[in-house]
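Structure, as structure tokens:
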Amino acid sequence: MALKGAAIWVCARTSCSDLGASDLGSRNSGSAFSLRYDLEKFRKWECCSLAVLAQRAITPVEDEKPHVSGVESSGAIEPTQGNESRGFHKDLNLLPKPLSANGLSSSPSDGSKVRVAYQGLPGAYSEAAALKAYPKSETVPCDQFEEAFKAVELWLVDKAVLPIENSVGGSIHRNYDLLLRHRLHIVGEVQMQVIHCLLGLPGVRKEELKSVLSHPMALAQCDMMLSNLGVVRINAEDTAGAAQMVASTGTRDTGAIASARAAEIYGLDILAEKIQDDDDNITRFLILAREPIIPGNDRPYKTSIVFTLEEGPGVLFKALSVFALRGISLSKIESRPQKQRPLRVVDDYNEGSAKYFDYLFFIDFEASMAEPRAQYALGHLQQEFSRFLRVLGSYPIDTVL
């Protein structure tokens, strides 16, 4: 089941201003860091907040519910197609061709199974994440992140699985920007342990390598091993693309850093396994869809939002306090400068006017939008502190690696 809808927060400023909800700071002359809350008035304020959710049930796609178990941390993934060859693809043109900006006009499949878009080529870590979420899916490679967003919007695929952050490399800012640009919904997440392997042509020893290709982040995550080998590092679009390049060119002194599945697909030997500097190398992926899911409270949920703030001293602190007041934990906060209006002009009594960056704040908090406390928190945030607020998704937390 899925729904279409939006939360509508109803709370007149005139009726709430005298309840003390707009000022979380102390009105007394005591400590500048003390807080004064009138709990009785605060409860009255919450009564002013109303969430109206318009929903429309649709027939779920087969295997639509994400499946996050059954994949071992070694990274071994079952082939997408049951009859797929486990050996070297002599004709690399037989592999799925990635969708590009010029190829998004093609018609979708007959819908017999879930089609999941990912960025990269077959053998990419994003493909492994897609297969972890939907083991029976048909995976669709895309050239760029935005092509995966567009493929979902144009009904070419049912879902997209894209990375959002890595425990070593940090956030993938490009996908934060695309979340705001497109109107897709987060319906789940996948956490994958990244296990890098050094790949080469059959019969080649790692000591023979003079250069290694891979994605810049993968090269950085394997810095110690590459330094010991003394090889030249060459950037590639993605890890699977690096493996394909080594296989297609047949250059014996060139290797690639990619997954074990990429070695299997492109007929390469694994010269060394687990070559990353940090063993605990985890990437979190988001599952995106055209329709939001109906949030529940039967298991741990996470809600992702993006908002901007009104001007004023301590406004970010006050905005975050709406979650702390209701016992809601924040699991992530990310800020991105607004591209359309990056600078905010603020009066400075000493210097005249000053210009500062104006930010968008992305927050993940551990609560379901089915819970009243989450609805009240967002109503409070929107009414008192935010100029813009959008719920990106309320979805189950993935706890399986």
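The values are calculated or read from the model by the stated rules, or taken from the named source; none is laboratory data. Because the structure is predicted, anything quoted here is derived from the model rather than measured. No Cβ is skipped: glycine too gets one built from the backbone with ideal geometry, and neighbour counts run over all protein chains shown. Note: areas computed on protein heavy atoms with side chains; ligands, DNA, RNA excluded. Shrake-Rupley method; radii C 1.70, N 1.55, O 1.52, S 1.80 Å.
Being surrounded by 18 or more Cβ atoms within 10 Å (Cβ to Cβ) and in contact (Cβ under 8 Å) with a residue 60 or more places away in the chain is the filter here, so list the residues in region 177-190 that pass it.
Passing the criteria: LEU179, LEU184, HIS185, ILE186, VAL187, GLY188, GLU189, VAL190.
Picking from LEU286, LEU271, which residue would you name as being aliphatic (A, V, I, L, M), assigned to a strand (DSSP E or B) and touching a Lys or Arg at 6+ places or on another chain (Cβ under 9 Å)?
Working: LEU286 fails: touching a Lys or Arg at 6+ places or on another chain (Cβ under 9 Å).
Criteria check complete, one pass: LEU271.
Quick one: in region 201-221, of everything that is closer than 11 Å to ALA256 by Cβ and not aliphatic (A, V, I, L, M), which residue is least open to solvent (accessible area, probe 1.4 Å)?
SER214
Hey, does region 195-208 have a residue that's out of contact with any Pro (no Cβ under 7 Å at 6 or more places or on another chain), within 26 Å of ILE287 (Cα to Cα), among the aliphatic types (A, V, I, L, M) and in contact (Cβ under 8 Å) with a residue 12 or more places away in the chain?
Yes, region 195-208 contains at least one residue that is out of contact with any Pro (no Cβ under 7 Å at 6 or more places or on another chain), within 26 Å of ILE287 (Cα to Cα), among the aliphatic types (A, V, I, L, M) and in contact (Cβ under 8 Å) with a residue 12 or more places away in the chain.
What do you reckon, is LEU209 hydrophobic (A, V, I, L, M, F, W, C), modelled with pLDDT of 95 or more and over 27 Å from ILE172 (Cα atoms)?
When the stated conditions are applied, LEU209 passes them.
Within region 304-330, which residues are open to solvent by 20 Å² or more (accessible area, probe 1.4 Å) and either modelled with pLDDT of 95 or more or assigned to a helix (DSSP H, G or I) (or both)?
Within region 304-330, VAL315, LEU316, PHE317, LYS318, LEU320, ALA324, LEU325, ARG326, GLY327, SER329, LEU330 qualify.
Within region 205-252, which residues are in a helix (DSSP H, G or I) and over 24 Å from GLU127 (Cα atoms)?
LYS206, GLU207, GLU208, ASP223, MET224, MET225, LEU226, SER227, ASN228, LEU229
I'm told LEU268 meets every condition in (1) within 26 Å of the chain's Cα centre (by Cα); (2) open to solvent by less than 40 Å² (accessible area, probe 1.4 Å) except one. Can you identify the failing condition by its number?
Only one criterion is unmet by LEU268, namely (1).
Kindly evaluate ARG174 against the criterion of being open to solvent by 50 Å² or more (accessible area, probe 1.4 Å), in contact with a helix residue (DSSP H, G or I) (Cβ under 7 Å, 6 or more places away or on another chain), at pLDDT below 95 and under 24 Å from PRO396 (Cα atoms).
Working: open to solvent by 50 Å² or more (accessible area, probe 1.4 Å): yes; in contact with a helix residue (DSSP H, G or I) (Cβ under 7 Å, 6 or more places away or on another chain): yes; at pLDDT below 95: yes; under 24 Å from PRO396 (Cα atoms): yes.
Considered against the rule, which asks whether it is open to solvent by 50 Å² or more (accessible area, probe 1.4 Å), in contact with a helix residue (DSSP H, G or I) (Cβ under 7 Å, 6 or more places away or on another chain), at pLDDT below 95 and under 24 Å from PRO396 (Cα atoms), ARG174 comes out as yes.
Filter region 239-260 for residues that are farther than 18 Å from ARG205 by Cβ, open to solvent by 20 Å² or more (accessible area, probe 1.4 Å) and not hydrophobic (A, V, I, L, M, F, W, C) and give the result.
If the condition is that a residue be farther than 18 Å from ARG205 by Cβ, open to solvent by 20 Å² or more (accessible area, probe 1.4 Å) and not hydrophobic (A, V, I, L, M, F, W, C), then GLN244, SER248, THR249 are the ones that fit.
Among MET192, MET217, which is of a type in the set (A, V, I, L, M) and more than 21 Å from VAL114 (Cβ to Cβ)?
MET217
Anything in region 309-338 that is more than 26 Å from the chain's Cα centre (by Cα) and farther than 14 Å from ALA374 by Cα? List them, or say none.
Listed by number, the residues that qualify are GLU310, GLU311, GLY312, PRO313, GLY314, VAL315, LYS318.
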